[in-house]
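Worksheet: one structure, shown below.
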Amino acid sequence: MNEFDQIIDRSNTNSLAIEGFVDYLFKGDVSKSFSSDYTGLISMWVADMAFAAPSAATNAMIKRISHPVFGYTMNFDERYYRAFLNWTEKRYGWTFAKESLHISSGVIPALFDLIDQICEPGDKVLTLTPAYGYFKHAADHHQNELVSCSLKFVEGEYFIDFDDLRIKTADPKSKLFFLCHPHNPTGRIWTDEELQLIGEICIKNKVVIVSDEIHCDLLRNNKTHTPLAKLFPDSDQIITCMAPSKTFNLAGLMLANIIIPNPELRAMWQKRTQAFVNPISLAAAHGVYENGHEWLHRLRGYLDENFSVLENELKAHLPDAIFKIPDATYLAWIDLSAYLPASVNLTRLFLDEAGVIIEGGEMFISDGGIRIRMNVACPRSQLKDALKRVIKVVKNFN
Ligand SMILES: Cc1ncc(COP(=O)(O)O)c(C=O)c1O
């Protein structure tokens, strides 16, 4: 059996995927059907994986736990920096100075901290929509308007409207651009040409870019990723966020790498954020950056196959669904507008009728349309079961 075929029971582990969806997706209201008994539900919403983390992580954690003192910990020495630098150099041909690297307790906390440091209340924050919901949550929290730059959807592919981006970045109130690269939920990797234009437009208009590259390691096997900052080695207006959390299914350990090249922003970051790190998380992150390459290679192969299964099932049973295997991420973004009306709440529909927890387009700030985001980082048998249920609901919808 393939290591990723194993079904792991996550009940009673306080996992958001299984136990937290009611509050996150439905604000506590699931009165219609699955009111108390969630057995039989298939969770394919939040972006973590149903797979066991690699032994490169667990062994490193066990080793750290065998030292029985867990006092305040910071990333004092060179070892973690070296391991992560080797990772980015080997995979992306990108390096950065040690003083630029900061460890945060996640990309989400970093988004909230950075917006606070870069924007005054009333300033505007830009992003490409549909988009990851926390870009808006962070802007809302600081009384900043999140300005949507709607992606153009042409023949099943997403493109940036650069005229629109130029106009919106030229607004003197625009101070920050949340770039998601690879992009959640569309799975698009922005090309070097697109990145070049994004960078030039923002730098010219003095708009700081936070390039959220948390999904960058999860590429289809024929794809490559270029960190935005690699294309602009002389600019210090680009902050890069990467993490072992998506790549190695370690989101609960809450550790992300935030690369801040600008000395003033760095000083502000150091003053306002806690540099403490969980010693077990640090050990795991160090372990996977040193020894996680092989596991990631196998994972990517499995995900590629899952996407092929999904594509074939859709072609066979819902031929008018618009779906393209994403360049990156384990998130499938499927347009069902040929089958379902705009009035339907998709998240609710598939929970109630299929017992499959997915996120509908309405969860992605704006421009989500009649689309669903399905997390395919699960055992293939589970994927097939979920697809059967979802296809049945779509076909029977009247
Ligand atoms: C684009 C993007 N950024 C950030 C996060 C969350 O980051 P973290 O778990 O490090 O806070 C996610 C999780 O889905 C994401 O998709």
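The values are calculated or read from the model by the stated rules, or taken from the named source; none is laboratory data. Remember, it's a predicted structure, so these values are computed and weren't measured experimentally. Neighbour counts run over all protein chains shown; Cβ positions are idealised from the backbone, glycine included.
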* To do: With the condition kept exactly as written, say whether any residue in the stretch 57-67 is within 16 Å of the ligand (Cβ to nearest atom) and part of a helix (DSSP H, G or I).
  => yes
* Asked: On the given criteria, is residue 168 within 30 Å of residue 370 (Cα to Cα), in a helix (DSSP H, G or I) and within 16 Å of the ligand (Cβ to nearest atom)?
  -> no
* among the charged types (D, E, K, R) and within 13 Å of the ligand (Cβ to nearest atom) - does that describe any residue in the stretch 126-141? -> yes
* Asked: Can you name every residue in the stretch 14-33 that is modelled with pLDDT of 80 or more and loosely packed, with under 12 Cβ neighbours inside 10 Å?
  -> 14
* To do: Would you be able to tell me the number of residues in the stretch 293-330 that are at positive phi and surrounded by fewer than 19 Cβ atoms within 10 Å (Cβ to Cβ)?
  => 0
* Structure fact -> The strands (runs of 3 or more DSSP E) lying wholly within the stretch 238-356 that contain at least 2 residues that are more than 16 Å from the ligand (Cβ to nearest atom) and over 19 Å from the mean Cα position of the chain (by Cα) are none
* With respect to residue 118, determine if the residue is buried (at least 17 other Cβ atoms within 10 Å of the Cβ), among the β-branched types (Val, Ile, Thr), within 16 Å of the ligand (Cβ to nearest atom) and in the same structural domain as residue 195 (by TED's automatic domain parsing). => no
* Asked: Restricting attention to the stretch 219-236, does a residue exist that is assigned to a helix (DSSP H, G or I), more than 15 Å from the ligand (Cβ to nearest atom) and modelled with pLDDT under 95?
  -> no
* **Residue that is more than 16 Å from the ligand (Cβ to nearest atom), surrounded by fewer than 17 Cβ atoms within 10 Å (Cβ to Cβ), touching a residue at least 60 places away in the same chain (Cβ under 8 Å) and of a type in the set (D, E, K, R), where the choices are 89, 99** => 99
* List, please: which pairs have Cβ atoms under 7 Å, are six or more places apart or on different chains, and start with a residue in the stretch 217-246 that is among the β-branched types (Val, Ile, Thr) and end with one that is within 13 Å of the ligand (Cβ to nearest atom) and part of a loop (DSSP other than H, G, I, E, B)? -> 240/213
